[in-house]
Each structure stands twice: as structure tokens, then as C-alpha cells.
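Take a look at the structure below.
Please treat every number below as a calculation from the coordinates, not as lab data. In this text the structure is predicted, and so the values were computed from the model without any measurement. Don't worry about glycine lacking a Cβ; one is built from the backbone with ideal geometry, like all the others, and counts go over all protein chains shown.
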């Protein structure tokens with residue numbers, strides 16, 4: 001089970017966007033990277049296509065290394081480390097590791 005998955009709310013820990021929050025749009029587990037909404041914006045020059053008949057410069061998100069992200073717990077609304085528990089029915093769930101929270105994410 002992965003610690004960060006699509007549609008998680010995360011906070012950036014390091015770099016130019018440190019402290020900013022966003023939603024995970026895509027995860028690349030083999031590369032240990034994730035694309036976060038509004039974070040690590042790059043400018044890309046594109047040729048004219050059917051979708052963009054004008055072409056030009058578009059801004060899009062580039063992947064960020066997972067070690068620079070921390071999941072935000074939906075209950076306590078704080079950045080947290082993620083733990084994995086195995087329930088009685090043998091299914092794995094992620095949970096908040098804060099002492100006073102322990103909420104299943």
C-alpha cells in the first residue's frame with residue numbers, strides 16, 4: 001500500500017513551494033514522484049494542434065518528489081506521517097500517526 005495516493009491533500013515540505021497545500025493529481029510510484037495541483041508550475045512551448053490551434057506557451061504542473069510531500073489529515077487538518085494498519089478482515093488502511101488523532105485516512 002502506498003503512503004500518498006491520488007486525490008490526497010498534501011503540503012510541500014521543501015523547495016520553492018514550501019508550505020503550499022494542494023491536491024495530488026497523479027502519482028508515479030516507480031519514480032517516487034507525484035503531480036500536485038498548482039505546485040511546481042513550468043512553462044512548456046507547444047506546437048499548434050487541434051486542441052490548441054494557436055500553439056504558444058502553456059503552464060502545467062511538473063512532478064514533485066514524494067519525500068517533499070506530507071499528507072494532511074482530514075480530521076485534525078495537520079500534516080502527518082502515514083501509518084498502515086491491518087484490520088480484522090485482512091484489509092490494509094492508512095491512518096494518521098498523531099497521538100491524539102489516529103484517524104483512518
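Hey, what did the range 45-105 get for relative contact order, percent, Cα under 8 Å, at least 6 apart? Intermediate values should be presented prior to the final figure.
On the way: 71 pairs, mean separation 11.8, N = 61.
RCO, the range 45-105: 19 percent.
Would you order 18, 94 from fewest to most other beta-carbon atoms within 10 Å of each residue's own beta-carbon?
On the way: 18 10, 94 19.
So the ranking, lowest neighbour count to highest, is 18, 94.
If you rank 70, 44 by fewest surrounding Cβ atoms within 10 Å, what's the result? Present the calculation step by step, with values, prior to reporting the outcome.
Details: 70 19, 44 10.
By the 10 Å Cβ count, ascending: 44, 70.
Could you bin all the Cα-Cα distances of the chain into 5 Å bins starting at 0 and give me the percent of pairs in each, rounded to whole numbers?
Distribution as computed: 2, 12, 19, 18, 16, 11, 8, 5, 4, 3, 1, 0 percent.
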